[in-house]
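Presented below is the structure to which this report refers.
The values are calculated or read from the model by the stated rules, or taken from the named source; none is laboratory data. Only a predicted model underlies this, so the values are computations on that prediction, with no experimental measurement involved. Every residue, glycine as well, gets a Cβ built from its backbone with ideal geometry; the counts of neighbours run over all protein chains shown. Note: accessible area is taken over every heavy atom of the protein model, side chains too, but ligands, DNA and RNA are not part of it. Shrake-Rupley method; radii C 1.70, N 1.55, O 1.52, S 1.80 Å.
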Amino acid sequence: MARKSSLDILLAGYGTTGLGIYDANQNFLQSIQTNGTSTDPDSASLRTATLNPGTYYIVVLCNGSWAFSKPYQFSVKYTPQSIAGASVSVKSKTYNGKTQKASSVTVKMGGQTLKAGRDYTVSCKAGKNVGSYKVTVTGKGSYTGTKTATFKINPKATSVKKLKKAKKGFTVAWKKPSKAALKQTTGYQVRWSLKKSMKGAKTKTVKATTSAGRKCTLKVSKLKGGKKYYVQVRAYKKASGKTYYSGWSKAKAVKTKK
């Protein structure tokens, strides 16, 4: 059974009959009682509270206390569960030029968040460059088996440096990454929208090796004149067949010329 369990008890008897549930240290937990007559038995049912693994006693109660009768001993046991079916999420990190490991791992099993060190241990491959790195979660205590996941190192974000309005368009310039960060950047994405929420935004990709990419500028045209547009930019990196993105920069606004 699972780590915790409950017990269904049905009691039938003549007259006033009581049963009590006690833990291994003889601490009272719950009781059940019938109120029949000498000729007409009564019955009562009880579902115990959730019990942790351990030893418990069911005893006959006399005047509400543990009687001298021999108690019935039972145990709540559990079979370790495989952590292979757990949900594992790992918070991504941002490239900073240093070697990094996963440090924020959340493991959930059947809707319950497990506790690191008690229920599982984590081992992972350290990484420096933008990419994905393997994380292995190993069950401990009540859990066995392993579950693998990945944590990502994403490119360092950039920001909009300048917006210059133009006729039915604008020119955007963004902050150029450092030499080290540039090696972890394949290009940039610029998006713009008439809504601050960026709903319905259009996106343009600029490779870092192009003239616009080297200058970190982009001219956008064929827009509506006299309208306010919100603009954002982010960096991306292609590695091992996957594309990794930084977060979008804070949106800045520019009004186009008519």
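Could you state the accessible area per residue of segment 68-124 in Å², with a 1.4 Å probe and every protein chain left in place?
66
Let me spell out the model: positive unit charges on the Cβ of Lys and Arg, negative unit charges on the Cβ of Asp and Glu, origin at the Cα centre of segment 48-195. What dipole size does that give, in debye rounded to 20?
Charge dipole, segment 48-195, about its Cα centre: 1880 debye, nearest 20.
What does the helix-only formula give at 222 nm for the chain: each DSSP H stretch with n ≥ 4 adding -39500 (n - 2.57), the total divided by the residues, and the result rounded to the nearest 500 deg cm²/dmol?
That calculation yields -500 deg cm²/dmol at 222 nm.
About its Cα centre, what dipole magnitude does the chain give when the only charges are +1 on Lys and Arg Cβ and -1 on Asp and Glu Cβ, stated in debye to the nearest 20?
Roughly 5480 debye, rounded to the nearest 20.
How are the Cα pair distances of the chain distributed, in percent, across 5 Å bins from 0?
1, 5, 10, 10, 8, 7, 7, 7, 6, 6, 5, 5, 4, 5, 4, 4, 3, 2, 1, 0, 0
Between Ser75, Ser132, Ser43, which gets the highest mean-square fluctuation from a Gaussian network model of the chain, Cα cutoff 10 Å?
Comparing Ser75, Ser132, Ser43 in a Gaussian network model of the chain, the most mobile one is Ser43.
Report the accessible area of Tyr56, computed with a 1.4 Å probe over the heavy atoms of all protein chains in place, in Å² rounded to the nearest 10.
Solvent-accessible area, nearest 10 Å²: 20 Å².
Among Ala149, Met109, Val160, whose Cα projects farthest towards the positive end of the dipole of the chain, with charges put on the beta-carbon of Lys, Arg (+1) and Asp, Glu (-1)?
Result: Val160.
I need the Kirkwood Rh of segment 102-223: take the reciprocal of the average 1/r across all distinct C-alpha pairs and report it in angstrom.
Its Kirkwood hydrodynamic radius stands at 18.1 Å.
What does DSSP give for the chain in terms of the percent of beta bridges that are antiparallel, rounded to the nearest 5? The partial results should precede the final answer.
Values: 78 of 84 bridges.
Expressed as a percentage, antiparallel bridges in the chain total about 95.
Might you work out the accessible area of Trp248 for me, using a 1.4 Å probe with all protein chains in place, and round it to the nearest 10 Å²?
70
Name the residue farthest towards the positive end of the dipole of the chain from the options Ala180, Gly169, Thr55, assuming +1 on Cβ of Lys and Arg, -1 on Cβ of Asp and Glu, about the Cα centre.
Final value for the positive-end residue is Gly169.
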